[in-house]
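Encoded as structure tokens, the structure appears first; notes follow it.
The values are calculated or read from the model by the stated rules, or taken from the named source; none is laboratory data. Remember, it's a predicted structure, so these values are computed and weren't measured experimentally. Here Cβ is always computed from backbone atoms with ideal geometry, including for glycine, and neighbour counts include all displayed protein chains. Areas reflect the complete protein model, heavy atoms only, side chains present, ligands, DNA and RNA absent. Shrake-Rupley method; radii C 1.70, N 1.55, O 1.52, S 1.80 Å.
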2 protein chains.
Amino acid sequence: MKLVVKNIDIAARGVLLNRLDARGMGVMNGDRVQVINPKNGLSATAFVEITSTIAQQGTLGIYRITNERLQMEDGDDIEIREAGRPESLDYIKKKMDGGKLTKEETLTIIKDVVHDDISAAELTAYITASYINPLDMDEVEHLTRAMVETGEQIKFASRPIVDKHSIGGVPGNKITFLVVPIITASGLKIPKTSSRAITGAGGTADLMEVLAFVEFTAGEVQQMTDKVGGCIVWGGATNIAPADDRIIIQEYPFKIDARGQMLASVMAKKFAVGANLVVIDIPVGQNTKVANMQEGRKLAREFIELGERLGMKVECALTYGDTPVGHSIGPKLEVIEALRVLEGSQEPNSFIQKSISIAGIALEMAGKAPRGGGMAMAQDLLSSGKALEKMKRIIEIQGGDPNVKSSDILPGEHQFVVRAPASGYVIEMNNRSLITLARTAGAPQDRGAGILLHAKKGKLVKAGEPLFTLYADRNWRLQKAIEEGRRLMPVLVEGMLLDRVPSSFSEI
Amino acid sequence: MKLVVKNIDIAARGVLLNRLDARGMGVMNGDRVQVINPKNGLSATAFVEITSTIAQQGTLGIYRITNERLQMEDGDDIEIREAGRPESLDYIKKKMDGGKLTKEETLTIIKDVVHDDISAAELTAYITASYINPLDMDEVEHLTRAMVETGEQIKFASRPIVDKHSIGGVPGNKITFLVVPIITASGLKIPKTSSRAITGAGGTADLMEVLAFVEFTAGEVQQMTDKVGGCIVWGGATNIAPADDRIIIQEYPFKIDARGQMLASVMAKKFAVGANLVVIDIPVGQNTKVANMQEGRKLAREFIELGERLGMKVECALTYGDTPVGHSIGPKLEVIEALRVLEGSQEPNSFIQKSISIAGIALEMAGKAPRGGGMAMAQDLLSSGKALEKMKRIIEIQGGDPNVKSSDILPGEHQFVVRAPASGYVIEMNNRSLITLARTAGAPQDRGAGILLHAKKGKLVKAGEPLFTLYADRNWRLQKAIEEGRRLMPVLVEGMLLDRVPSSFSEI
């Protein structure tokens, strides 16, 4: 059937069909159709929604995300057809039934994911099936390659190309802001793509956006890296391994991160930017994604094996993940802390030690430092100001102010200090509660929101001493965070009352 | 935040927020929010879509399905808040991890399904998890009760109340059109709710719509049953066990029918209409849902056990499902065949024998006929014209013409006869291919579309004799079906060539 296009300004996928046209075609609400731009042959699969008024008879409404594929304008002719059932659905069913997917089957599914040929619900079925019936290493390799092939790839003229990745779950993990300039200062190349926070209080891309632009194409990432040695950009803008974002969005409601998908997600992004030396930071701790050393070592072996299959050298660092890295949580607060260290501050120790350890491994892998000498070299590149100099060049090439100082960045103006209710040692810091609290205060969207920790685990505090300060850009969010903080108690002091039972209970 | 309502004429769920309001609230595309009608306190969960123009700053667009809950008009004040994470998601995650859901957890999920508090993708995760980690009988009972409790229920003043259900998969299974009038003619009550076809060529509700209206409330079903003894309505309009439809829509892409959900779905609808005597027809055959007798008996035992837990008496009939019931497939063709039998035709035997067997079991269960005497009584009620008389009363009370005759109903005007390409016995009829073919011709939306079989399995035909006739309401659909029929070959004759290998192959 031929219709005339009407663009619908809604950030969604799908097409909008008039009730009468739908009846004429025998199409029902929710049916899958194929729409074709007859001018250039571009086509898209879309799910139908029905209206009596917003699209008149003879016109087809197209939502914004679907039109990104079709590139049509109001009044253009468009063709609409019944869409066949995607083969992907049979392969997803096979995975539900415990089958093992071939390379071709996996690629078909991932292509359909990237092209929006299957719905969010159908993708969720694939994710759920792969979570319950875990992918074996062959399937993980297929998935990694499929993620790479369905997106853009960078091919550098020379090697080595370094990359690093931290498995999430630990708040304040801003080490990229030291690792990338240190690696760059050593003369190595590191085209770092990062994520925005989904469940966290600030992804590396959210942090970098405080200093510079982060949305670049894959080509621009390559040029910037060739010019200054490195960059820190948002992976979501590059069209590198675009399937990954779609998968993560569907995993989010269930807080799952299926092992196979996680391995493929990390390694696909590294492979696609052309990295051949990769350091993986695996934080281990009760409130992180990896609960103990045994699990951490198993995951490390899987990363290394997958790297071998892909022709990449991978080393993993199991790191302490029970408390935040450094003292700051939230975009601006973390950037201030990172810049201070680049500017010469020797605090906080936990942040510096972790960063130079990870950078040191990469320097050793690349042969820049002898085995056992990487950390000292990283420390030297940091202390000498060479890393700061490189960071300025990276900020500059990404369109930021290279002369920015830590003191130029101001965190949220609305602040509240939480004090120790009793004297004693800080016995617990709950990562998840700290993240929830920072998000309640507005992080990561509100860049100034977050938490500054004054005391970390093991420190002796006196009653009335500050434990942490809450920051927010908006007062109502601060008030909400104060209230939430009372309930969550993310930092516990030994002598603190955890609850008070009212007297009526003791009388029973 | 307070906004002003703008109704959006799109048959979808969700709300449409202006980009600037979204930024102000810190809400992102796809976020879950709660919207509240301050006038009456009605509230709904909705997922946000973002626009720059269709909803102006300060207004909130509401899609049609979401507004069915809120009942708001343009210009009304509306409040929008962040929605908490539904607990259901934790329970679905528990099922993914192989856990067993409690009664309360199941009820929470099903409530959220019915109230649209979880998304289609989240529901799909639940269905996928329950398919891979099957529900045990406790969980099936919980699910059944939850489906009943979240919808309307009918409570008749007296018992017994009879009901029947056929597990799908067999084309032409129009037995309800004989069973309901026979049961009614015996003096028993049978408030029959039926489905529309999702994957089939015509659900009982689609067929009944040829004769009368099928959309009634639960209260109307009760009144009609009290007055004339029975009815044949579309269950989807009654708000009886409304969760079931939502689940079936999500199962459709994968052609799954998870055992636990299927048991719960069937029995919830029977329980909710107040039935205490239930006959389940389980067609067994290669191309149906139940492949062999062993599986059929297992399923029968599960239905009986679930019935016992719910206080209902259940008997199951394993029936022959390898070929269609009767000769007709598609709404009008099947109604014509059913009316002819009610009018006195003694053909087709397969249809009559199956119908009186099922009706006979119900008559025996209710004590109307002695054990072993039910079938004869059913045959008598049919032959005597009493069943036809009751069918007329049912058609009349549902707003149709009680004097309708089989000859008044005209099937699709576009027809094509498929003839035997060779002489021999009909050796195979493929149910799935027949259904696909009837759907290609336009069934069930085009009521006149379908297939009339002239020869069934085992019959000896001569080359050139008609095998079946294709019917369609629209010529382009008939042409498509003719083409599809050549590919599918749903009826095979022994002597027929299945394929012809071109000579180039034999020369290799």
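Would a scan of region B:344-361 turn up a residue that is aliphatic (A, V, I, L, M) and open to solvent by 30 Å² or more (accessible area, probe 1.4 Å)? Yes, region B:344-361 has at least one match. Remark: pairs (first residue in region B:457-472, within 26 Å of B:A443 (Cβ to Cβ); second residue aromatic (F, W, Y); Cβ separation under 6 Å; 6+ apart in sequence or on different chains) = B:L470/B:F416.
Of all the criteria given as (1) facing chain B (nearest Cβ under 10 Å); (2) over 31 Å from the mean Cα position of the chain (by Cα), the one not satisfied by A:M1 is (1).
Within region A:423-443, the only residue that satisfies the criterion of being surrounded by fewer than 22 Cβ atoms within 10 Å (Cβ to Cβ), within 14 Å of another protein chain (Cβ to nearest Cβ) and either charged (D, E, K, R) or within 19 Å of A:G458 (Cα to Cα) (or both) is A:R432.
What are the residues in region A:165-217 that are β-branched (V, I, T) and part of a helix (DSSP H, G or I), if any? Scanning region A:165-217 gives A:T176, A:V179, A:V180, A:I182, A:I183, A:T184, A:T204. When residues in region A:149-164 are screened for being in contact with an Asp or Glu (Cβ under 9 Å, 6 or more places away or on another chain) and either in a loop (DSSP other than H, G, I, E, B) or not basic (K, R) (or both), 3 of them pass.
Scoring B:A22 on the criteria (1) over 36 Å from the mean Cα position of the chain (by Cα); (2) open to solvent by 10 Å² or more (accessible area, probe 1.4 Å); (3) within 14 Å of chain A (Cβ to nearest Cβ); (4) small (G, A, S) leaves a single failure, condition (2). If you check B:R13 against the conditions, is it under 21 Å from A:G14 (Cα atoms), open to solvent by 60 Å² or more (accessible area, probe 1.4 Å) and of a type outside the set (A, V, I, L, M, F, W, C)? Answer is yes for this residue. Among the residues examined, A:E302 does not qualify as under 22 Å from A:I182 (Cβ atoms), out of contact with any strand residue (DSSP E or B) (no Cβ under 9 Å at 6 or more places or on another chain), open to solvent by 10 Å² or more (accessible area, probe 1.4 Å) and not assigned by TED's automatic domain parsing to the domain that holds A:A449. With respect to the stated conditions, B:R486 fails to be basic (K, R) and crowded, with 21+ Cβ neighbours inside 10 Å. Among the residues of region A:403-419, those identified as open to solvent by less than 50 Å² (accessible area, probe 1.4 Å) and farther than 13 Å from A:T469 by Cβ are A:V404, A:S406, A:I409. The strands (runs of 3 or more DSSP E) falling completely within region B:415-508 that include 2 or more residues that are modelled with pLDDT of 90 or more map to B:450-453, B:466-472.
Exactly one residue out of A:I161, A:I109, A:I132 is surrounded by 19 or more Cβ atoms within 10 Å (Cβ to Cβ), over 22 Å from B:D97 (Cβ atoms) and free of Cβ contacts under 8 Å to residues at least 60 places away in the same chain: that is A:I109.
Within the set A:I247, A:I240, the sole residue that is crowded, with 20+ Cβ neighbours inside 10 Å and within 14 Å of chain B (Cβ to nearest Cβ) turns out to be A:I247. Can you find a residue that is of a type outside the set (V, I, T), buried (at least 18 other Cβ atoms within 10 Å of the Cβ) and out of contact with any strand residue (DSSP E or B) (no Cβ under 8 Å at 6 or more places or on another chain) anywhere in region A:311-324? No, every residue in region A:311-324 fails to be of a type outside the set (V, I, T), buried (at least 18 other Cβ atoms within 10 Å of the Cβ) and out of contact with any strand residue (DSSP E or B) (no Cβ under 8 Å at 6 or more places or on another chain).
Residues in region B:32-52 that are buried (at least 17 other Cβ atoms within 10 Å of the Cβ), within 22 Å of A:Q445 (Cα to Cα) and within 14 Å of chain A (Cβ to nearest Cβ): B:R32, B:A46, B:F47, B:V48, B:E49, B:I50, B:T51.
Of B:G400, B:G450, all but one fail to be crowded, with 17+ Cβ neighbours inside 10 Å and in the same structural domain as B:G330 (by TED's automatic domain parsing); the exception is B:G400. Can you find a residue in region B:159-169 that is in contact with a helix residue (DSSP H, G or I) (Cβ under 9 Å, 6 or more places away or on another chain), within 14 Å of chain A (Cβ to nearest Cβ) and on the phi > 0 side of the Ramachandran plot? Within region B:159-169 (the criterion being in contact with a helix residue (DSSP H, G or I) (Cβ under 9 Å, 6 or more places away or on another chain), within 14 Å of chain A (Cβ to nearest Cβ) and on the phi > 0 side of the Ramachandran plot), the answer is no, since none of the residues qualifies. Scanning region B:262-295 for residues that are open to solvent by less than 10 Å² (accessible area, probe 1.4 Å) and in a helix (DSSP H, G or I) yields B:L263, B:A264, B:V266, B:M267, B:A268, B:K270, B:A272.
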